[in-house]
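Since the structure comes first, as structure tokens, the remarks are kept for the end.
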Amino acid sequence: MAYPATEKNSMHIALYGATGKAGSRILTELLSRNYQVTAIVRDPTKLAEQKGLTIVQGDISSAAEVAAKIKGADAVVSAYGPPAYDTDQLLPVTQYLIDAVKENGKARLIIVGGAGSLEVAPGVTVIQSGHLPPEWMSIAVSHANALEMLRNSTINWTYFSPAGFFVPGERTGKFRLGTDQLIANEKGDSRISLEDYAIALVDELEKPGHERARFTIGY
């Protein structure tokens, strides 16, 4: 469900990846609910100025760089996606985010994660199942390793795994949430729209239910 917008939301969100597929939907959802958002992007010209939005040039090249940009934020949302040719770039980026949030002291970190580490049977993940297409294996393993980094940290983190298919679609507000098991329909189809994923992520910001934990979504 989507909680109703207030006249002005006092929570300040720092958002990485705001120009990407997931990040742009998350930005739209945050602004529609009157959050104060700082979008940290490499190229500020890719974002239009909007009410409630502060656009800052930056990247995730070091913990110090991140810490300077997220100062004062109540939560940090990362929709960072590593390049396909080197998906393990996700790992130092995750560490920089962890270290910066730890220095911040009060912020929680929400990561737009992957589905590969979700279970399709007790003790068997998507990665281990043999059903994952080879071209997706690298990013799936990188995301699984990033999740372990969060679990070993001391910060307030949330890792939000999408469904198996994570694609543009409709904002329906109708979906199911879970924890460590892949959510699929009666036909075995695991799917969620980027728009509905964004609803659930912002819901989690408003009413935390998965702090220091992973959760997932699907129809």
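The values are calculated or read from the model by the stated rules, or taken from the named source; none is laboratory data. This is a predicted model, so every value here is computed, not measured. In this analysis, Cβ positions are derived from the backbone assuming ideal geometry, glycine residues included, and neighbour counts consider all displayed protein chains. For the accessible areas, the whole protein counts, side chains as well, though only heavy atoms, and no ligand, DNA or RNA atoms are used. Shrake-Rupley method; radii C 1.70, N 1.55, O 1.52, S 1.80 Å.
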Condition first: out of contact with any strand residue (DSSP E or B) (no Cβ under 9 Å at 6 or more places or on another chain) and open to solvent by 30 Å² or more (accessible area, probe 1.4 Å). Now tell me which residues in segment 23-44 satisfy that. SER24, THR28, SER32, ASN34
ALA63 on the phi < 0 side of the Ramachandran plot, at pLDDT below 95 and of a type in the set (A, V, I, L, M): no
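Okay, residues lined up against (1) of a type in the set (Ser, Thr, Tyr); (2) more than 22 Å from ASP86 (Cα to Cα); (3) touching a Lys or Arg at 6+ places or on another chain (Cβ under 7 Å):
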| residue | (1), (2), (3) |
| --- | --- |
| MET137 | no, no, no |
| ALA144 | no, no, no |
| LEU150 | no, no, no |
| SER161 | yes, no, yes |
| ALA184 | no, yes, no |
| GLY188 | no, yes, no |
| ILE192 | no, yes, no |
| ALA200 | no, yes, no |
Out of segment 53-86, which residues are β-branched (Val, Ile, Thr) and either open to solvent by 10 Å² or more (accessible area, probe 1.4 Å) or within 24 Å of ALA200 (Cβ to Cβ) (or both)? THR54, ILE55, VAL56, ILE60, ILE70, VAL76, VAL77
Near pairs, Cβ below 7 angstrom, 6+ apart or cross-chain, from segment 145-164 (under 13 Å from GLU211 (Cβ atoms)) to any residue that is open to solvent by 20 Å² or more (accessible area, probe 1.4 Å): THR154/LYS102; ILE155/LYS102; ASN156/GLU211; ASN156/ARG212; TRP157/ARG212; THR158/HIS210; THR158/GLU211; THR158/ALA213
Assuming PRO168 fulfils every condition listed in (1) exposed (fewer than 14 other Cβ atoms within 10 Å of the Cβ); (2) touching a strand residue (DSSP E or B) at 6+ places or on another chain (Cβ under 8 Å); (3) free of Cβ contacts under 8 Å to residues at least 40 places away in the same chain apart from one, which condition is it? (3)
Among helices (runs of 4 or more DSSP H) lying entirely in segment 75-183, which contain 2 or more residues that are within 23 Å of ALA198 (Cβ to Cβ) and at pLDDT 95 or above? 90-104, 134-151
All positions within segment 90-123 that are touching a residue at least 24 places away in the same chain (Cβ under 8 Å), of a type outside the set (D, E, K, R) and over 16 Å from ARG214 (Cβ atoms): LEU91, VAL93, GLN95, TYR96, ALA100, VAL101, ASN104, ALA107
For the subset of segment 130-165 comprising residues that are open to solvent by 40 Å² or more (accessible area, probe 1.4 Å) and among the hydroxyl-bearing types (Ser, Thr, Tyr), which member is nearest to GLY113 (Cα to Cα)? SER138
